[in-house]
């Protein structure tokens, strides 16, 4: 019997594992955590009363037989350093997005992962959900022909707890639009080669806040097609779902789309409206894939460069938007 992956959690500034069903799914064992908010500590002590809360990351890294550290660092701007510290300690790492807040730190992470021989992943499971998974399969079969243009949207609600400082979560484009760029690259199968972006704080009324509420971006794909999109904190709670995603892709043979948070899909090829696409297939589970890679050496669906390329592009977009603010 293959032993479970022993994991520890650092920080709860994001999609930390205890908020999902990962630990109940099997294949992993939680052995410690640290740097949680008071509310997060209370929740953890209720859900996992036998698991110890440690004082520091350094103490956590001393746990015997620890395999994996899952990072949701209290400051995203410090997460690259935490990642490298864990990798150099001989541990695998799964990090909240964006895993770094600039390209230099992203490169440092990739170098550290290669040098350590340990596995690194960003929380990059966007594509492993429907309808995006089925859209990717359809496009990979050549159904749309050559990709000509992509239109994308990622919209989250605004609430007063949204960070006022980009150091906390990376900012609107880096933590939100990264999903949109994953849709573009991972559904079409084409990397982005150029990107430009703008953002605005319009609607943000908190004194001293640096929060940007809306952003727009555009660019070019490796195959010559173009893309444009928006990412914002404008999704009204009355919409009925936390995120409102939209993806529309035009090719030389037809178009495919998913709108209204991915709830409505449509495929049109030439003069034939084929209606909603079949989304009944169960995509691979992202976290299970990480566990299998650690325990059995089974390669993940994407190599690391491909997985992190949307992050690289979103960091360039963030930098471009900052330059345009003045």
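The values are calculated or read from the model by the stated rules, or taken from the named source; none is laboratory data. Here the structure is a predicted model, which means the values were calculated and not measured. Cβ: placed from backbone, ideal geometry, glycine included. Neighbour counts: every protein chain shown.
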How many residues does the stretch 91-105 hold that are in contact (Cβ under 8 Å) with a residue 60 or more places away in the chain and either under 15 Å from the mean Cα position of the chain (by Cα) or assigned to a strand (DSSP E or B) (or both)? 8
Somewhere in the stretch 10-23, is a residue closer than 16 Å to residue 118 by Cβ and modelled with pLDDT of 95 or more? yes
Out of curiosity, is residue 203 on the phi > 0 side of the Ramachandran plot, outside any helix (DSSP H, G or I) and modelled with pLDDT of 95 or more? yes
For the stretch 51-75, give me each residue that is in a loop (DSSP other than H, G, I, E, B) and out of contact with any strand residue (DSSP E or B) (no Cβ under 8 Å at 6 or more places or on another chain). 62, 64, 74, 75
Regarding residue 244, is this residue more than 17 Å from the chain's Cα centre (by Cα) and within 22 Å of residue 178 (Cβ to Cβ)? no
Criterion first (farther than 30 Å from residue 29 by Cβ, touching a helix residue (DSSP H, G or I) at 6+ places or on another chain (Cβ under 9 Å) and either free of Cβ contacts under 8 Å to residues at least 12 places away in the same chain or loosely packed, with under 13 Cβ neighbours inside 10 Å (or both)) does residue 280 satisfy it? yes
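The rows are residues; the columns are (1) without any contact (Cβ under 8 Å) to a residue 40 or more places away in the chain; (2) under 26 Å from residue 284 (Cα atoms).
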residue: 4; (1), (2): yes, yes
residue: 12; (1), (2): no, yes
residue: 39; (1), (2): yes, no
residue: 43; (1), (2): yes, no
residue: 66; (1), (2): no, yes
residue: 74; (1), (2): no, no
Could you list all residues from the stretch 106-138 that are free of Cβ contacts under 8 Å to residues at least 12 places away in the same chain and assigned to a loop (DSSP other than H, G, I, E, B)? 117
Residue identified as within 26 Å of residue 170 (Cβ to Cβ) and surrounded by fewer than 18 Cβ atoms within 10 Å (Cβ to Cβ) among 141, 81, 122: 81
Filtered residues of the stretch 175-197 (kept if assigned to a strand (DSSP E or B), surrounded by fewer than 17 Cβ atoms within 10 Å (Cβ to Cβ) and either touching a residue at least 40 places away in the same chain (Cβ under 8 Å) or under 17 Å from the mean Cα position of the chain (by Cα) (or both)): 196
Going by the structure shown, is residue 313 modelled with pLDDT under 95, touching a helix residue (DSSP H, G or I) at 6+ places or on another chain (Cβ under 6 Å) and buried (at least 16 other Cβ atoms within 10 Å of the Cβ)? no
Name the pairs: first residue in the stretch 242-261 and free of Cβ contacts under 8 Å to residues at least 40 places away in the same chain and on the phi > 0 side of the Ramachandran plot, second residue surrounded by 15 or more Cβ atoms within 10 Å (Cβ to Cβ) and part of a loop (DSSP other than H, G, I, E, B), Cβ to Cβ under 7 Å, at least 6 apart or on different chains? 261/243
Does residue 145 count as touching a strand residue (DSSP E or B) at 6+ places or on another chain (Cβ under 9 Å), outside the structural domain of residue 73 (by TED's automatic domain parsing) and within 21 Å of residue 73 (Cα to Cα)? no
In the stretch 78-90, is there at least one residue being outside any helix (DSSP H, G or I) and modelled with pLDDT of 95 or more? yes
